[in-house]
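The values are calculated or read from the model by the stated rules, or taken from the named source; none is laboratory data. Just so it is clear, the structure is predicted and the values come from calculations on it, not from any experiment. Positions of Cβ are generated from backbone atoms using ideal geometry, with glycine treated the same way; all protein chains shown enter the neighbour counts.
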Amino acid sequence: MAGSGKSKSAPRGARKWLMRGLKIGLAAAVAGLLAVVIAVVIALQSLPDYESLKSSPNGQMIRVHAADGSVIVSLGPSFGRWMDYDQIPQVMVDAMVSTEDKRFYMHPGVDPIGMARAAWVAVERRGSGRRWQGASTITQQVTRNIFLNNSYSFGRKIREMVLALAMERKFSKRQILELYLNKVYFGGGAYGIDAASRKFFGHPATSIDLPEAAIMAGLVKAPSSYSPTADAEAAIGRAGVVLDLMQENDKISASERVSVDLDGVKMAPEPPQNSVRYFTDWALPQLDLLIDEPNEPLEVYTTIDLGMQRAATAAVQANAPKGAQGALVSLDRDGAVRAMVGGLDYVTSNYNRAVTATRQPGSAWKIFVYMAALEAGYTPDTGITDEPVTINGWSPRNSNGRFAGAIDIRTAFAYSINTVAAKLGVEVGFSTVADMARRFGVSTPINTHPSMVLGTSDVRLIDMTRAFASIARKGIAVAPYGITKVTTADGRLLYAHEDDTSRVLVAPWVAAGMTDLMQTAVSTGTGRAAQIGRPVAGKTGTTSSNKDGWFLGFSSGITTGVWMGRDDARAVGGLQGGRAPARAFADYMKVAVAKRPAEKFDTEVTLPEWQLEPDEEAYYNSPDNGAYAGGMMVDENGFPIEQAVPADPQGYEDEPQMEVDPEDRPQPPRLDQQWIDNVLGRDRPRQPQPAPPPSRPPPQQP
C-alpha cells in the first residue's frame, strides 16, 4: 500500500511543478509584454512627427550639369526629390515589398514568422562564422536608418523592435513605405528611389518601369555587390530573383515575368572624372557667394561644354613638351567658361594651373602697353623708330641683335620688337600700363619698373584670357563665370546668371586697334602657328630661357589662353609661345569654332606670300623678351642684375643645342615701311616716314 501511495504522489508532484512553471512562465510573459507595452508607449511619445522624419540630416547633395544638361559630377549623399506615396510607381512598391518584407501589410512592425525562421537559421549556422539571416521588417529598417546604426548587437535589435512597434502605432503603412522608399540606400551615394533612378537610369523615379524596379529592389540587400555601374551582370542576376519573388507573391503574372527584358535596360553613363574636375573645383566654391541653401539638394547648371573640354584636354596633352605641364582656359563672348584644363592629368595632379599658378607672361603682356599707347593717341599706322634705348640704366634689346629703324606700330607689335615696347612704356608711363592691366582684370601684383613692359610681373592664365576676351568684346568688361543657374531638386530657382555689359574698359576704337595689331601678329608675325583657316587675333609670349610659353587669342566669339611650362620654373628646351602653345591653341580652336560661322574683324590683313622671321618667337635665337640687356638680367622685381649667360641656355644637358655661326645665319631684309608695303601689296609712292607723337618727359617712377 505504501508503495502504491508513493507512486500516486509522484505524478501529483510533477503536475505541481509543471503548474508552477506555467504560472511563472505566464507571469514572465505578462511582465515581458507589459514591459514591451510600456517601452512602446514611451517610444511612441518620443517619436518625432512625420514631417520631422522626412527631413534628411545626412548632408546636402549637389549634382553638377554641363551646358547640355548632362550630369558631370555628383557630390555628397544624393537624396533626390522627395516622392509622396501617390507619386511612387506601384511596380516599385510591389518589388520592394516582395523582396524585403512580403508580410509587411500583415505584421504589427515585427514579423514573428520571420523571427522564428531567423532563429532556426541561427541555430543551423552556429559556429560556422557565417552571418545570421536577418529578420528585419521594412519598419525595422526605417527605424534603423533614422534612429540607430547597423551594429550587430542584441541591445540594438531590441531597441529596433520597440521603435518599429511604436512607429506602426503612430504612422500608417503608406507613410512607413514612403519613408522607407525615400531613405533606403541603393549604393553609389544614392539614398531613396528618386536619387537612385536618376543615378542609374538618368530619369526621375516617376518613370520607373518593371525591369528598372526589379534592378533597384535587388540593390538594397548588398548595394556594392549588385551595383549596375560596377557589375551589370550581378545586378541583372539579382533582378531576376526579385522578379521571381514578385511572381510568387502574385504581383506580376507568369507571362509578365517571361516578357521582362533585363538586358535591354539602358543605364545612365558614368560622368567624366578627369580634366572636367579642374572646372568643378573652380566653379563650385562660388556657390557660397551665389545662394544661401545649406540643406536642400541642389542642381547646379554650368557653362562647361564637354566636347570643347575633350578637345582642350587632347590639345594640351598632344602639344605639351616632355617634362612640361600645360593649362588652357576658353571663354565665350560673355565670359562663360567653355573649357578649362588645369594640367595634363587631374588624377596625378589636381593643382589647377589655369586659375591658381602665377607665371611671367612675356610678350603677351604687351597688349597692355599697346592699348595704353592707342588710348593716348597712337594708331596702328603711327610711325616709330626701332633703335637702341636706355631707360634708367636698363637697355632692352631685340633678340636678333638688330634694329629695324623707321617702322609703324603694327609692324612693331607683329614682330614683338622689345625696344618699341620700352619706348611706348616711357611715352605713356609705366603706371599707366599697370593701370590698363588692372582695368582688364589682372589681379596679381604689378611692378612699375621699366622692364615691366616685357612681362616681368606674374599673372594668372584666367586673368590674361579675361583681358583678351574683353578686347574681343570691343572694350566691354568680361568676367569669367562657370554657373548659369542653381535650382533645388524640385525645380525651384535659387540663382540665375545675368550678363553685365555696363562696364566699358576702353573705347571701341581702342579695342578695334588692338584687334588690328593682334590679327597681324597671327597673320604675318610671331603667332602664325595659331592660324585655323579663319580670322584669328592673338599674341605669343615667351619668358627668359624658355621657362614659360603662352598663346592667347580669339576667333568667332571664343577666346582661349594656353600656357605651358614646368611647375619648378626650370627651362624647357624648345618651348616658345609661337610653337607648342600656339599649336595647342589651333588644335583646340578648330574644334571649338567648327560649328560657328567665321567672323571678320573690323580690319583685315592681306596675307603675304612670304614672311620675315621676326624674332625669338619665330625661332631666331633663344628668347629673352628683353631680359638680357647688354649682359644684364631682370630679377623678380624688374631690376637689372649681373648674370653670366650660361653655356647651355636651354638648361638641359641631355639635349645638346646646335651652335650656329652668326655669319651663316640668313640675314633678314630690312624691316621698314617699304617692306611692309611690298608684302601687303600696297601700290603707293614712297613717302617720308611720319614722325612719332611729340615725346613727353618720362614720368617719375616710384
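For region 530-545, filtering for residues that are under 15 Å from A580 (Cα atoms) and crowded, with 24+ Cβ neighbours inside 10 Å leaves 7. Answer yes or no: is there a residue in region 456-478 that is surrounded by fewer than 21 Cβ atoms within 10 Å (Cβ to Cβ), touching a residue at least 40 places away in the same chain (Cβ under 8 Å) and farther than 26 Å from A67 by Cα. Within region 456-478 (the criterion being surrounded by fewer than 21 Cβ atoms within 10 Å (Cβ to Cβ), touching a residue at least 40 places away in the same chain (Cβ under 8 Å) and farther than 26 Å from A67 by Cα), the answer is yes, since at least one residue qualifies.
The residues of region 343-356 that are surrounded by fewer than 19 Cβ atoms within 10 Å (Cβ to Cβ) and of a type in the set (A, V, I, L, M, F, W, C), listed by number, are L344, V347.
Selection of region 481-517 for residues being modelled with pLDDT of 90 or more, under 25 Å from D305 (Cα atoms), touching a strand residue (DSSP E or B) at 6+ places or on another chain (Cβ under 8 Å) and assigned to a loop (DSSP other than H, G, I, E, B) yields G482, H497, T501. Applying the condition of being touching a Pro at 6+ places or on another chain (Cβ under 9 Å) and surrounded by fewer than 22 Cβ atoms within 10 Å (Cβ to Cβ) to region 299-318 and asking which residue is nearest to A283 (Cα to Cα) yields L306. Out of everything in region 287-312 that is touching a residue at least 12 places away in the same chain (Cβ under 8 Å), part of a helix (DSSP H, G or I) and closer than 30 Å to K54 by Cβ, what residue ends up being farthest from the chain's Cα centre (by Cα)? If we take residues in region 287-312 being touching a residue at least 12 places away in the same chain (Cβ under 8 Å), part of a helix (DSSP H, G or I) and closer than 30 Å to K54 by Cβ, then L290 is farthest from the chain's Cα centre (by Cα).
Within region 192-213, restricting attention to residues that are outside any helix (DSSP H, G or I) and either within 24 Å of the chain's Cα centre (by Cα) or acidic (D, E) (or both), the residue that is modelled with the highest pLDDT is D209. Among the candidates V389, V337, the residue that is in a loop (DSSP other than H, G, I, E, B) and in contact with a Ser or Thr (Cβ under 8 Å, 6 or more places away or on another chain) is uniquely V389.
The sole residue among D548, D490, D500 that is assigned by TED's automatic domain parsing to the domain that holds R579 and surrounded by 21 or more Cβ atoms within 10 Å (Cβ to Cβ) is D548. Of all positions in region 357-374, none carries a residue that is crowded, with 24+ Cβ neighbours inside 10 Å and farther than 23 Å from A469 by Cβ.
None of R125, R130 is modelled with pLDDT under 75 and under 46 Å from the mean Cα position of the chain (by Cα) except R130.
Looking across region 360-380 at every residue that is touching a Gly at 6+ places or on another chain (Cβ under 6 Å) and outside any helix (DSSP H, G or I), the one that is modelled with the lowest pLDDT is identified as P380. Checking the stated criteria, G377 turns out to be in contact (Cβ under 8 Å) with a residue 40 or more places away in the chain, surrounded by fewer than 21 Cβ atoms within 10 Å (Cβ to Cβ), closer than 21 Å to M436 by Cβ and more than 31 Å from the chain's Cα centre (by Cα). The residue list G425, G482 contains one member that is crowded, with 21+ Cβ neighbours inside 10 Å and either closer than 18 Å to Y370 by Cα or not assigned by TED's automatic domain parsing to the domain that holds G549 (or both), which is G425. Here R359, R353, R333, R338 are screened, and the one residue that is among the charged types (D, E, K, R), closer than 19 Å to G69 by Cβ and in the same structural domain as A569 (by TED's automatic domain parsing) is R338. Here L44 clears all of (1) at pLDDT 70 or above; (2) over 26 Å from R238 (Cα atoms); (3) assigned to a helix (DSSP H, G or I) except the condition numbered (1).
Screening L245 on (1) in contact (Cβ under 8 Å) with a residue 12 or more places away in the chain; (2) in a loop (DSSP other than H, G, I, E, B) shows it passes everything except condition (2). Scan region 518-576 for residues that are under 26 Å from G335 (Cα atoms) and part of a loop (DSSP other than H, G, I, E, B) and the total you get is 9. For region 283-294, state whether one or more residues are closer than 30 Å to M61 by Cα and buried (at least 20 other Cβ atoms within 10 Å of the Cβ). The answer is yes, given that some residue of region 283-294 is closer than 30 Å to M61 by Cα and buried (at least 20 other Cβ atoms within 10 Å of the Cβ).
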